[in-house]
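Below is one structure, written out as structure tokens; the observations come after it.
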Amino acid sequence: MRELMKQAIEIGRKSIRLGETASYIPELGRVNKNQLGISIFTTDGVRESVGDADVRFTIQSISKVITLAIALEKCGFHKVFEKVHMEPSGDAFNSLVKLDLSSNYPFNPMINSGALAITSYLTPITDFEEMLLISRKLCMDEAITLNEDVYHSEMNHISRNKAIAYLLESKDIIALGCVPETLDLYVRMCSLSVTAQSLAGFGLILAQDGIHPVTGERVLNENVVKIVKTIMFTCGMYDGSGEFAVHVGIPSKSGVGGGILSVVNQRMGIGIFGPSLDSKGNSIAGNHILRHLSKELNLHIFS
Ligand code: GLN
């Protein structure tokens with residue numbers, strides 16, 4: 001496994017120069033784009049990491065998976081999907097065009113509009129401290145904290161998400177007056193500092209349908225995990241989800257911090273860190289790495 005992971009890193013490394021870090025959040029623009037790490041935790045207890053797998057970076061949109069899972073647990077299916085749909089959008093993660101023109105509801109929970117709506121359902125019943133504790137548990141990583149620099153950097157460049165949130169308020173999807181606290185919780189969740197290893201840990205819990213591999217405790221409801229994995233598969237790589245499903249075929253979620261969380265059902269969790277991004281905001285090296293691992297280990301959902 002280790003040799004294959006090293007090989008995958010070398011394949012991924014070749015594409016780094018073709019991408020860029022996410023400079024629309026200035027603090028992310030300062031990250032060294034040449035970093036690359038993979039971590040794999042399997043259901044039979046193997047834990048392997050290569051490269052920069054213990055380097056901390058911000059989780060960004062991968063937090064949308066945690067937020068969705070918590071909202072399904074706390075608010076239930078009906079509330080979560082009453083005004084947020086479950087269809088791929090085919091548009092950029094921060095687009096608001098169709099939200100206004102062709103649909104009154106966010107397309108899915110994995111893009112900003114959907115995640116903002118779902119975050120707003122959580123603000124009256126939980127807070128960042130509780131979400132942080134749950135995130136630590138789900139990632140099996142007690143060292144997760146808020147990256148204050150990234151949090152402030154994003155809050156200072158929040159116009160687009162603010163526009164989305166107020167559009168949602170105008171459509172009665174976010175309750176009147178709740179936009180500021182929704183944006184704050186959303187950006188805090190995006191600014192959690194994780195590692196490729198943390199993502200592999202979370203991936204393993206999802207691969208095991210919500211069972212913690214060490215304690216044997218059920219940390220997420222089985223049906224919640226089923227919904228989360230399905231939406232990761234259809235929508236997790238934004239407007240690159242279809243191509244990714246064909247070539248990789250593993251439910252995954254990316255973030256503009258360079259992380260990818262992947263779940264191979266009943267087999268393993270994979271975490272990747274590679275902050276050089278393609279035009280859709282997905283880790284460019286991560287994409288190549290996952291293609292290689294999927295082919296060599298037969299990880300495609302339909303293989
Ligand atoms: N915090 C980022 C944003 O809202 C997350 C986006 C992402 O990771 N694609 O723009």
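The values are calculated or read from the model by the stated rules, or taken from the named source; none is laboratory data. Nothing here was measured: the structure is a model prediction, and the numbers come from that model. When we count neighbours, we look across all protein chains shown, and the Cβ atoms used for this are built from the backbone with ideal geometry, even at glycine. Side chains are part of the model used for accessible areas, which takes the heavy atoms of the whole protein and leaves out ligands, DNA and RNA. Shrake-Rupley method; radii C 1.70, N 1.55, O 1.52, S 1.80 Å.
Points worth noting:
- Taking the criterion of being hydrophobic (A, V, I, L, M, F, W, C) and in contact with a Pro (Cβ under 8 Å, 6 or more places away or on another chain), the only residue of the stretch 270-302 that qualifies is ILE301.
- Failed item in (1) surrounded by 20 or more Cβ atoms within 10 Å (Cβ to Cβ); (2) touching a Phe, Trp or Tyr at 6+ places or on another chain (Cβ under 8 Å), with LYS280 passing the rest: (1)
- The residue that is modelled with the lowest pLDDT, among those in the stretch 4-32 that are open to solvent by less than 20 Å² (accessible area, probe 1.4 Å) and in a helix (DSSP H, G or I), is LEU28.
- Against the list (1) part of a loop (DSSP other than H, G, I, E, B); (2) open to solvent by 10 Å² or more (accessible area, probe 1.4 Å), the condition PRO275 fails is (2).
- Condition check for LYS253: open to solvent by 20 Å² or more (accessible area, probe 1.4 Å), touching a helix residue (DSSP H, G or I) at 6+ places or on another chain (Cβ under 6 Å) and either under 21 Å from VAL84 (Cβ atoms) or assigned to a loop (DSSP other than H, G, I, E, B) (or both): no
- Number of the exception - GLN60 against (1) polar (S, T, N, Q); (2) without any contact (Cβ under 8 Å) to a residue 12 or more places away in the chain; (3) touching a strand residue (DSSP E or B) at 6+ places or on another chain (Cβ under 8 Å): (2)
- Residues (under 15 Å from LEU116 (Cα atoms), open to solvent by 60 Å² or more (accessible area, probe 1.4 Å) and in contact (Cβ under 8 Å) with a residue 40 or more places away in the chain) located in the stretch 81-102: MET86
- Helices (runs of 4 or more DSSP H) (entirely within the stretch 144-222) containing at least 3 residues that are within 19 Å of PHE128 (Cβ to Cβ) and open to solvent by 30 Å² or more (accessible area, probe 1.4 Å): 148-155, 179-190
- Residue match in the stretch 261-269 (condition: of a type in the set (A, V, I, L, M), modelled with pLDDT of 95 or more, out of contact with any Gly (no Cβ under 9 Å at 6 or more places or on another chain) and within 19 Å of ILE38 (Cβ to Cβ)): no
- Selection from the stretch 142-161 of residues that are more than 11 Å from ILE66 (Cβ to Cβ), of a type outside the set (Ser, Thr, Tyr) and touching a strand residue (DSSP E or B) at 6+ places or on another chain (Cβ under 7 Å): LEU146, ASN147, VAL150
- Against the conditions (1) surrounded by 18 or more Cβ atoms within 10 Å (Cβ to Cβ); (2) over 27 Å from LEU206 (Cα atoms); (3) within 16 Å of the ligand (Cβ to nearest atom), ASN108 satisfies every one except (2).
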